[in-house]
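The values are calculated or read from the model by the stated rules, or taken from the named source; none is laboratory data. Here the structure is a predicted model, which means the values were calculated and not measured. Methodologically, a virtual Cβ is constructed for each residue, glycine included, from the backbone with ideal geometry; neighbour enumeration extends over all protein chains shown. In case anyone asks, the SASA skips ligands and DNA or RNA and just uses the protein heavy atoms, side chains included. Shrake-Rupley method; radii C 1.70, N 1.55, O 1.52, S 1.80 Å.
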Amino acid sequence: MMGFKPCEEQFQKVDTNPVIMVNSSLRLKSIDVHGKLTGQTGNSRKVDHMEVSSQLSSTYLSCTLSETELSTMSIIWQTTSLLLLLRCCAPGFCMRDGIVGGKVSIPHSRPYMVYIKDSNSKLACGGFLIREDFVLTAAHCKRSHLKVYLGVNDTHILPHGIEVEATPHPKFNNAPGDDIMLLKLKTPATLNKTVNIITWPECENKEISKDCMVLGWGWQDYVDGCPSSVLKEANVTLIDFKKCGTNYTLCTNGSIGPAKGDSGGPLVCGDAAQGIVSFYTESSGVYLTRYTRISHYHQWIDHIMNKTYQQQLKTWRGKLYELI
């Protein structure tokens, strides 16, 4: 499953209290940004300033310093290391972020995209708006305190979150298959240029374009990284259904596609959302991504949404009778 795992859990612990090593002659040895000894003792020389590279990881210092200067320098190293750690783990500041092989989407050019986040676990997924009051996403993204954010481009600038009522497919059991969920918005969306719906297929036998696109705020690397703060997208190509294995999934393979944090996002083929990002497998460096095929579940989707609509009509009629 590609449920989002918080970035900070992906990084190895960094020693934020580096100790500068000196010998009896007060000559420094090379120390990397983790505070580990990496070089050899250099010749003693007096300096008026220190030259520190922008990357810090290849910094080498060789100078004669007083104990006061060493103490001050140690504090600087500690502060710098801590700031680097926080910067590395903050979404949007990663060297690797976004869909693998993706590019940054034009802001608000995909108004159907929805950012989903659990207020307790901080798990984040993607989703897409298919009606003013319904978002479609993956069932494995279900948590107890989900909120949806509409019209998002940068997750550092989130609008007011909307509470939802989650309805995962009844056959989903935290395993591949039936990985689909509807989120009923407690406050329907107001459609405009930055918030809009995307069409979805209602006929399972209709031919699907092989040229598709995936979108999300997930990682750019399948192994490690941080979530992207901005929406990214990538072009992918559907493989033959026979190689995919089932009639309720769609598949793409290669080194480009969704990764952790992209779960629940749409697979857009032509002008319609045909699939939902579910999970991927890896074999000999080749990644096979599976998507829940939306058309296979169109009756279930219609049933849930129409049920809600009928309940709303009943409520409206009751209020109308009261007025009369």
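Structure notes:
- The set of residues in region 269-284 being more than 12 Å from Cys251 (Cβ to Cβ), small (Gly, Ala, Ser) and in contact (Cβ under 8 Å) with a residue 24 or more places away in the chain consists of Gly270, Ala272, Ala273.
- Residue ID - surrounded by the fewest Cβ atoms within 10 Å (Cβ to Cβ), chosen from residues in region 134-143 that are part of a loop (DSSP other than H, G, I, E, B) and free of Cβ contacts under 8 Å to residues at least 60 places away in the same chain: Arg143
- Thr194 in contact (Cβ under 8 Å) with a residue 60 or more places away in the chain, open to solvent by 20 Å² or more (accessible area, probe 1.4 Å), of a type in the set (Ser, Thr, Tyr) and within 19 Å of Ser105 (Cα to Cα): yes
- Tally, over region 244-273, of residues that are open to solvent by 20 Å² or more (accessible area, probe 1.4 Å) and touching a Cys at 6+ places or on another chain (Cβ under 7 Å): 0
- Criterion applied to Leu129, Leu150, Leu158 was being over 16 Å from Ser229 (Cβ atoms) and either in contact with a Cys (Cβ under 9 Å, 6 or more places away or on another chain) or open to solvent by 20 Å² or more (accessible area, probe 1.4 Å) (or both), and the one residue passing it is Leu150.
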